[in-house]
Each structure stands twice: as C-alpha cells, then as structure tokens.
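Report on the following structure.
Values quoted throughout were computed directly from the atomic coordinates according to the rules given, and no laboratory measurement underlies them. The shown structure was predicted, so the numbers you read here are calculated from the model rather than taken from an experiment. FYI the Cβ positions are ideal-geometry reconstructions off the backbone, even for glycines, and counts take in every protein chain you see.
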Amino acid sequence: MKFPVLESERLRLRKIESEDSKLLFQYVTDPRTQRHMSFQPDTLLFPKRLFRYFEESYRNLHDLHFAVIWKETDEVIGICSLQQWSELNGKARLGYLISPPFWNLGIATEAAGLLLHFGAEVLGLNEVEARCGVDNPASERVLQKLGLSFQAYADNSVGHRSDEYCRLKVYSIRL
C-alpha cells in the first residue's frame, strides 16, 4: 500500500522524507516544544537518526508518522502521528507536534482531525487515545475540540523531564 497523503484547505499530511529530518529535528529539540513532549529527543542525537526512527516505524507499521505541510508555503511545520497502532484491536494513540510559530492557528486540531478521519475510515480504528501534560491547556483544548473525552490521569517518569514526576491527562474517543 502506498503511503497516503491527506489534505485539508490549509494542510497536507504526507510521509516524512529524508530532507524533512533537519527541520523536524529542530522542532523536537526546541525548548518550547520539548517541555510538552513525552520522550527524550536527545536520545535521537541528530537529524539522520530521527529519520531512521521514522523509517523503522513505517517498516513495522506500528506508528504512522505524517509530516504536516503548510500548503501556502509548502513548508514542513510539524508532525502528526497515529502511534501504537494495533490492527487487531482497532486502537491507536494520537500524537502531534507543531512548530511554535504556527501555534494558536488551529493547525494541530486540523491535522489531528484529518488523521482521526483516516484512522476510522481507512484503518478501521474504533478507539483513539491521546495524552497531554497537565501543564498543557492548549493541547487539552485541541483534544476536546476533536471530541476526545478525559478518562484518567497517568504518570510519566520517562521523557524530557525523566528526573521529574510528570503528570499526564489521558483522553480517548470511540470512533
């Protein structure tokens, strides 16, 4: 199956290409985005290693990572993913990261909405979960706008603050 391209009026979601790695690496290592991420970007070390991670996830079909493209300039402005995809039980976890200059424009909601529709219609997902830090109300609003409901709190001792206690909110939606 060819990797899909998803489109809305402002965005295109496509497979992450090698030439995207340097820019995406800048986004995942930006302190403004790092404080909201649940993995340690320093373990990726450099852009090519980040791209190898994406390539491996495509081979395993465990995670589906899409580059988020701003159509107006054809610029890669983030990543949107269905992670921990299980075809067997029809579940996945939604994730997204948008470059700070594009925050508060509805882009995360738009990109994640495209992915939820794709997950339900093409992959046959029946449930999607997402997590956000308790200190990230903007991401929480994105999840609420998409129709996800708060389920529980979770602890995260792995991530950008691995030496700190990190509290997460778990949201989900039945599709």
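Overview of values
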read-out: Residues with amide H under 5 Å from that of residue 151, placed H, sequence gap 5 or more; value: 170, 171, 172
read-out: Most positive-pole-ward Cα, 76, 89, 118, against dipole of segment 54-121 from beta carbon charges; value: 89
read-out: Within straight-line cross-link reach of residue 71, lysines at Cα separation under 19 Å, skipping those fewer than 8 residues along the same chain; value: 15
read-out: Cβ-defined net charge surrounding residue 143, 15 Å radius [Lys, Arg +1; Asp, Glu -1]; value: +1
